[in-house]
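J.: Take a look at this one; I'll ask things after.
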There are 2 protein chains.
Amino acid sequence: MNKQALRDAGISPAKARIVAKAVDLFHEKGFERTTVRDIAAATGILSGSLFHHFKNKQEILYTAMAMTTRGMGERAEAAVAGISNPVEQLKALIICELSSIHREDGHAAYVLVDEWRSLDEASRDKVLALRDGSYEKCWMAALDGCDEQGLLKSPPKIARQLIRGALAWTRNWYRTDGDLTLAGLADEVTNSFLKP
Amino acid sequence: MNKQALRDAGISPAKARIVAKAVDLFHEKGFERTTVRDIAAATGILSGSLFHHFKNKQEILYTAMAMTTRGMGERAEAAVAGISNPVEQLKALIICELSSIHREDGHAAYVLVDEWRSLDEASRDKVLALRDGSYEKCWMAALDGCDEQGLLKSPPKIARQLIRGALAWTRNWYRTDGDLTLAGLADEVTNSFLKP
DNA sequence: CATAAAAACAAGCAAGCGCTTGGTTGTCAA
DNA sequence: TTGACAACCAAGCGCTTGCTTGTTTTTATG
């Protein structure tokens with residue numbers, strides 16, 4: 001998300017700075033083990049000052065997850081824009097998701113997977129609605145397209161979940177500085193779930 | 001793990017009872033959000049009494065993860081025992097892992113995936129060593145066997161990680177009471193990672 | 001330069017946390 | 001019956017937590 005988009009979403013530069021630091025800490029130690037004093041210190045302010053920007057600690061997490069979700073949605077839409085072949089769309093989306101996890105978003109995508117339990121139900125629903133409205137829409141369109149051409153091994157919804165799991169787990173083993181490139185990894189995944 | 005095996009591992013019935021309740025709570029709220037008072041109340045004792053059985057809160061988590069890892073290892077070994085065809089071994093292991101997640105272990109397998117960060121490094125290494133010694137050994141044997149016959153789509157190590165991710169994620173969407181059976185789900189996974 | 005709003009500080013409260021202590025109860029072998 | 005030990009209770013200590021309050025500093029605007 002660029003600066004103007006952030007402003008439109010009601011996120012001041014100060015908020016964005018705090019969230020960025022918070023995300024690193026959440027990734028490192030988890031939401032619960034990260035104290036507001038940790039976040040404040042990382043941002044260079046005192047802990048009480050955080051509550052001038054956020055009404056409570058959880059709102060920091062919500063803001064982070066909402067921002068990440070928006071960003072991933074925008075990038076997914078950009079990735080499939082202008083591609084009509086659903087197989088190519090799928091490939092683009094796989095690379096896009098891997099990039100979000102291992103490159104663009106730093107640790108934000110990790111937090112998005114790990115910290116659902118720390119969000120209250122209302123916030124959780126808001127983030128999920130955000131995700132379904134753009135990111136998941138792209139995925140299901142591509143997968144349905146592949147399925148209509150008989151190229152998908154599993155039903156689209158099952159394929160989506162299996163792929164999502166395989167991709168999310170890469171954060172536990174894949175290293176960008178190893179022998180396997182991101183594109184290579186994306187190929188392995190694509191080949192697994194599409195018919196030859 | 002049966003009662004005798006538990007005793008051999010130094011786990012009294014009281015400990016096992018506490019761990020079982022703790023696992024449910026860890027699954028529900030996470031390790032950090034679960035207090036020793038919660039665990040004690042669920043077991044029907046006072047919080048201080050927990051420390052007669054465990055030297056601290058983290059040891060409860062470690063015991064849970066070690067028990068689960070041992071149990072999954074035993075079941076994996078039993079699942080492939082007597083099977084020589086590596087493809088059949090792989091199928092058996094996939095069903096085995098799905099069963100651990102969705103059936104036998106209640107919520108223990110969830111905790112095993114989610115709460116690594118709450119474990120200190122020494123305990124983490126112990127659990128990992130336990131896992132590599134039996135559970136992962138079974139998996140790699142089966143996958144290497146498939147690969148030697150040219151049946152695997154990806155290199156064995158990559159396949160293992162992709163499969164693990166796909167399976168672990170099922171806990172976020174798969175329901176045992178839905179239309180898709182565990183065996184059916186296992187077939188979907190098998191078909192994805194093996195050549196036709 | 002004056003003024004108001006935004007941002008940060010300084011200090012600390014109330015609640016909840018993991019864990020300790022010292023004593024009581026229950027169990028069972030000798 | 002007695003002694004020994006494990007299991008548990010009752011009480012609370014010391015510390016950390018998220019958050020509040022009242023004040024001061026910084027920044028932006030006319």
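The values are calculated or read from the model by the stated rules, or taken from the named source; none is laboratory data. Keep in mind that what you see is a predicted model, and the values were worked out from it rather than measured. Positions of Cβ are backbone-derived with ideal geometry, glycine not excepted, and every protein chain shown enters the neighbour counts. These area figures cover heavy atoms from the full protein model, side chains too; ligands, DNA and RNA do not enter into them. Shrake-Rupley method; radii C 1.70, N 1.55, O 1.52, S 1.80 Å.
J.: Over chain A, what is the relative contact order in percent, taking alpha-carbon pairs closer than 8 angstrom and at least six residues apart?
T.: Dividing the mean separation by the residue count of chain A yields 22 percent.
J.: Tilt of helix B:13-29 relative to the longest C-alpha principal axis of chain B, in degrees (0 to 90, nearest 10)?
T.: Helix B:13-29 and the main axis of chain B meet at about 70 degrees.
J.: Enter the accessible area per residue of segment B:40-158 (Å², integer; probe 1.4 Å; all protein chains in place).
T.: Computed with neighbouring chains in place, this is 46 Å² per residue.
J.: Per-residue mean of other chain beta-carbon atoms within 10 angstrom of the beta-carbon, peptide B:172-182?
T.: Whole-number average of other-chain Cβ neighbours for B:172-182 is 2.
J.: Let me ask you something else. Of the options A:Gly150, A:Ser47, A:Ala76, report the single residue whose Cα projects farthest towards the positive end of the charge dipole of chain A (beta-carbon charges: Lys, Arg +1; Asp, Glu -1).
T.: Working it through, the farthest residue towards the positive pole turns out to be A:Ser47.
J.: Related question: Would you please classify the overall shape of the protein assembly as shown from the alpha carbon gyration tensor, given that a ≥ b ≥ c denote the square roots of the eigenvalues, rounded means a/c under 1.5, and beyond that prolate means a/b larger than b/c while oblate covers the rest?
T.: oblate
J.: Given the rotation relating B and A, tell me which residue in B puts its Cβ closest to the axis and the distance in Å.
T.: B:Glu32, 2
J.: Moving to a separate point now. Once you average over the residues of B:153-165, how many Cβ atoms of partner chains fall within 10 Å of each Cβ?
T.: Averaged over the peptide's residues, the number is 5.
J.: What do you get for Rg/Rh of segment B:1-108 when both radii come from the Cα atoms and Rh is the Kirkwood radius?
T.: 1.06
J.: Quick check: the angle from helix A:121-133's long axis to the longest principal axis of chain A, C-alpha only, nearest 10 degrees?
T.: The answer is roughly 40 degrees.
J.: Continuing with this model, one more query. How high is the FRET efficiency from B:Glu121 to B:Ser12, r the C-beta distance, R0 22 Å, rounded to 0.05?
T.: Rounded to the nearest 0.05, the efficiency is 0.25.
J.: Sticking with this one: Relative to the Cα centre, what is the charge dipole magnitude of segment A:58-193, using +1 at the beta carbon of each Lys and Arg, -1 at the beta carbon of each Asp and Glu, and rounding to the nearest 20 debye?
T.: Computed about the Cα centre, the dipole is about 120 debye.
J.: Another question, if that's okay. As a test of the formula, what do you get for chain B when each DSSP H run with n ≥ 4 contributes -39,500 (n - 2.57) and the sum is divided by the residue count, at 222 nm and rounded to the nearest 500 deg cm²/dmol?
T.: -21000 deg cm²/dmol
J.: Sticking with the crude label model, points 7 Å out along Cα→Cβ, report the distance from B:Leu194 to B:Ile83 in nm, one decimal please.
T.: Taking the two extended label points, one gets 0.9 nm.
J.: What number comes out for the charge environment of A:Glu136, summing +1 per Lys or Arg and -1 per Asp or Glu over other residues with Cβ under 10 Å away?
T.: My count for the surroundings of A:Glu136 gives +3.
J.: Cα-Cα pairs above 27 Å in chain A: how many percent?
T.: When all Cα pairs of chain A are counted, 34 percent exceed 27 Å.
J.: Taking a point 7 angstrom from the Cα of A:Glu104 along the C-beta vector, which residues in segment A:121-156 have backbone N less than 14 Å away?
T.: Residues passing the 14 Å test: A:134-136, A:138-139.
J.: For A:Tyr62, what accessible area in Å² do you get when you roll a 1.4 Å probe over the heavy atoms of the protein chains, rounding to the nearest 10?
T.: 50
J.: To the nearest 10 square angstrom, what accessible area does A:Phe193 show with a 1.4 Å probe?
T.: Its heavy atoms expose roughly 10 Å² to the probe.
J.: In square angstrom and rounded to 100, what buried accessible area do you get between chains A and B, total over both, with the probe at 1.4 Å?
T.: Summing both chains' loss of accessible area gives about 2600 Å².
J.: How far, in degrees from 0 to 90, does helix A:86-99 lean away from the longest principal axis of the Cα atoms of chain A, to the nearest 10?
T.: Computed tilt is about 30 degrees.
J.: Tell me, how many Å apart are the Cα centres for segment B:19-79 and for segment A:19-41?
T.: With segment B:19-79 and segment A:19-41 each reduced to a Cα centre, they are spaced 26 Å.
J.: How many angstrom lie between the Cα centre of segment A:125-196 and the Cα centre of segment B:145-189?
T.: 14
J.: Report, in listed order, any pair from B:Lys91/B:Lys195; B:Lys91/B:Lys137; A:Lys21/A:Lys55; A:Lys21/B:Lys29; B:Lys157/B:Lys195 with a Cα-Cα distance greater than 22 Å.
T.: A:Lys21/B:Lys29
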